[in-house]
């Protein structure tokens, strides 16, 4: 099944993380992954190894500029949701994920996060509450949590 969820990777450079995001996107029925900026060029052995046969023609696009694809998605009536801790971000557990709308979940690199320009274009930002001393987690792990919560909150299911 494919759901109206796209994933925008804003300058995520680590091949293994991109591969895991492909696996997660397939597992949660995301329609497309946008590899933006400094993302690894496909085909890539490290991405493919982590992706485990989930890279398919048509389930991803490579885009030079993240802001361009955000504008395009907005024109197609996607709600742009950044996964980033900001002064205005909301706890993902309490965010209304627009049950009947298309969602583009924007992910940033672990080192720099989502670029300032792209953050300003987002309709909303959500964050994952962490309870330890660590202030961040791996982008692929965060994606798993976010996609699970998004699917749950949107009422998406396969039965």
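The values are calculated or read from the model by the stated rules, or taken from the named source; none is laboratory data. Model, not experiment: these values are computed from the prediction. Please note: Cβ atoms are built from the backbone with ideal geometry, for glycine as well, and neighbour counts cover all protein chains shown.
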Part of a loop (DSSP other than H, G, I, E, B), closer than 23 Å to residue 38 by Cβ and under 16 Å from the mean Cα position of the chain (by Cα): is that true of residue 55 in this structure? yes
Scanning for something modelled with pLDDT of 95 or more and in a loop (DSSP other than H, G, I, E, B), does the range 64-74 turn up at least one residue? yes
Condition first: in a strand (DSSP E or B), within 16 Å of residue 91 (Cα to Cα) and over 11 Å from the mean Cα position of the chain (by Cα). Now tell me which residues in the range 103-159 satisfy that. 124, 125, 126, 127
Of the residues in the range 82-102, those that are without any contact (Cβ under 8 Å) to a residue 60 or more places away in the chain and either out of contact with any strand residue (DSSP E or B) (no Cβ under 8 Å at 6 or more places or on another chain) or part of a strand (DSSP E or B) (or both) come to 82, 87, 90, 91, 93, 94, 96, 99, 100
For residue 50, are the conditions met, namely being within 19 Å of residue 111 (Cβ to Cβ), crowded, with 17+ Cβ neighbours inside 10 Å and out of contact with any strand residue (DSSP E or B) (no Cβ under 9 Å at 6 or more places or on another chain)? yes
One residue from 93, 13 being under 21 Å from residue 119 (Cα atoms), surrounded by fewer than 17 Cβ atoms within 10 Å (Cβ to Cβ) and modelled with pLDDT under 95: 93
One residue is enough: does the range 19-29 have a residue meeting the conditions surrounded by 24 or more Cβ atoms within 10 Å (Cβ to Cβ), out of contact with any helix residue (DSSP H, G or I) (no Cβ under 6 Å at 6 or more places or on another chain) and outside any helix (DSSP H, G or I)? no
When the range 102-144 is checked residue by residue, the ones that are at pLDDT 95 or above, under 23 Å from residue 16 (Cβ atoms) and surrounded by fewer than 17 Cβ atoms within 10 Å (Cβ to Cβ) are 138, 141
